[in-house]
Amino acid sequence: MKVYSESELIREHINLWKSNGEKIVLVPTMGHLHKGHASLIELAKSLGQRVLVSIFVNPLQFNQESDFTRYPRTLESDIEQLLTLNVDAVFTPSTESLYPHGIQSAPKIIIPELTEEFDGHYRPRHFEGVCTVVCKLFNILTPDVVVFGNKDYQQLLIIRRMVDDLNFNIDIVAGNTERESDGLAMSSRNTHLTPDQRVVAKHLYANLTQVKTQFLPSEVLSLESSARANLEAVGMTVEYFSIRDAVNLQPIDNNTKNVVVLTAAWLGDTRLIDNILFPMP
Ligand code: PAF
């Protein structure tokens, strides 16, 4: 496994693989790898001959400086894990190489739809940062397939939209959310939780599964508000808890085939997000 920080060098390697007809699968990450990433990597291995993992904590997608600064950075142990996972190459670019003229002067990718609500609303310009960096990674690494986690469901839909609208010849594949034994979705941010908060955190998924079990189209508003109240009662500050159409994130209607329930809540200084998907009954 080779670790590259220079775009030119990893590109040479990728071109060699491509000239042998090998399919390149990318798993983009911000590092601090956990079992959730490992499962995306296993999925990636089944989709092509060469698996690349990128590790870059992208300053452009953090709307709070403090969140960016305290984001866990564990490059050495990440690389050890990637060795055991038999990844073919790792890309760890510097901020200067991705934003050669500075972050502010970089051209930005703005997707006008799907971004107004939820994380787009609570984290202004977050998706602009995500799409811009993902677009850069696509240009540098020219993957055939890219794997994203279902956990960031809104991000997944926005990236698919970007791929369509910017005519990338790339397949986007979604990997399942990996969970701890009590249901908490695996996330690099979970390490910020205190032991007490860690116990409370399980309520997020418990409420999502409860909505799935009790779902009736006529009960959407009451299910949303009782889940919110449950979460607030255990000490979370809920940003959103919404039942939507899984295709366009709009309120469900007669055309809805699949439902997504999306939530984001704060536990102390830590923001957790999660979702659950199910077919319209
Ligand atoms: O989901 C993430 O980890 C990040 O948003 C991504 C896609 C790696 C872009 O920085």
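The values are calculated or read from the model by the stated rules, or taken from the named source; none is laboratory data. Please read these numbers as outputs of a predicted model, since none were measured by experiment. Reconstructed Cβ throughout: ideal geometry from the backbone, glycine too, with neighbour counts over all protein chains shown.
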Quiz item: If you check residue 140 against the conditions, is it within 9 Å of the ligand (Cβ to nearest atom), among the aliphatic types (A, V, I, L, M) and in a helix (DSSP H, G or I)?
Solution: no
Quiz item: Any residue in the range 111-120 that is within 27 Å of residue 274 (Cβ to Cβ), within 15 Å of the ligand (Cβ to nearest atom), aliphatic (A, V, I, L, M) and assigned to a helix (DSSP H, G or I)?
Solution: no
Quiz item: Any chance the range 258-281 includes a residue that's part of a strand (DSSP E or B), among the aromatic types (Phe, Trp, Tyr) and touching a helix residue (DSSP H, G or I) at 6+ places or on another chain (Cβ under 9 Å)?
Solution: yes
Quiz item: Which of the following residues is part of a strand (DSSP E or B) and either in contact (Cβ under 8 Å) with a residue 60 or more places away in the chain or within 16 Å of the ligand (Cβ to nearest atom) (or both): 147, 133?
Solution: 147
Quiz prompt | Of the criteria (1) farther than 25 Å from residue 168 by Cα; (2) within 13 Å of the ligand (Cβ to nearest atom); (3) crowded, with 21+ Cβ neighbours inside 10 Å, which one residue 54 fails | solution = (1)
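Quick check on my filter: what residues within the range 8-27 are basic (Lys, Arg) and either in contact with a helix residue (DSSP H, G or I) (Cβ under 8 Å, 6 or more places away or on another chain) or free of Cβ contacts under 8 Å to residues at least 24 places away in the same chain (or both)? Break it down stepwise before answering.
Keep residues of the range 8-27 that are basic (Lys, Arg), which gives 11, 18, 23.
Within the range 8-27, 11 is the sole residue that qualifies.
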Quiz prompt | Subset of the range 1-16 [over 27 Å from the mean Cα position of the chain (by Cα) and either hydroxyl-bearing (Ser, Thr, Tyr) or surrounded by 14 or more Cβ atoms within 10 Å (Cβ to Cβ) (or both)] | solution = none
Quiz item: Is it the case that the range 28-51 has a residue that's surrounded by fewer than 14 Cβ atoms within 10 Å (Cβ to Cβ), away from the ligand (no atom under 15 Å from the Cβ), over 30 Å from residue 271 (Cα atoms) and modelled with pLDDT of 95 or more?
Solution: yes
Quiz item: Scanning for something within 15 Å of the ligand (Cβ to nearest atom), surrounded by fewer than 16 Cβ atoms within 10 Å (Cβ to Cβ) and not in a helix (DSSP H, G or I), does the range 81-104 turn up at least one residue?
Solution: yes
Practice problem: Confirm whether residue 68 is surrounded by 16 or more Cβ atoms within 10 Å (Cβ to Cβ) and either under 17 Å from residue 7 (Cα atoms) or not β-branched (Val, Ile, Thr) (or both). | Solution: no
Practice problem: Output the residues belonging to the range 153-209 that are closer than 23 Å to residue 70 by Cα, in a loop (DSSP other than H, G, I, E, B) and under 12 Å from the mean Cα position of the chain (by Cα). | Solution: 186, 187
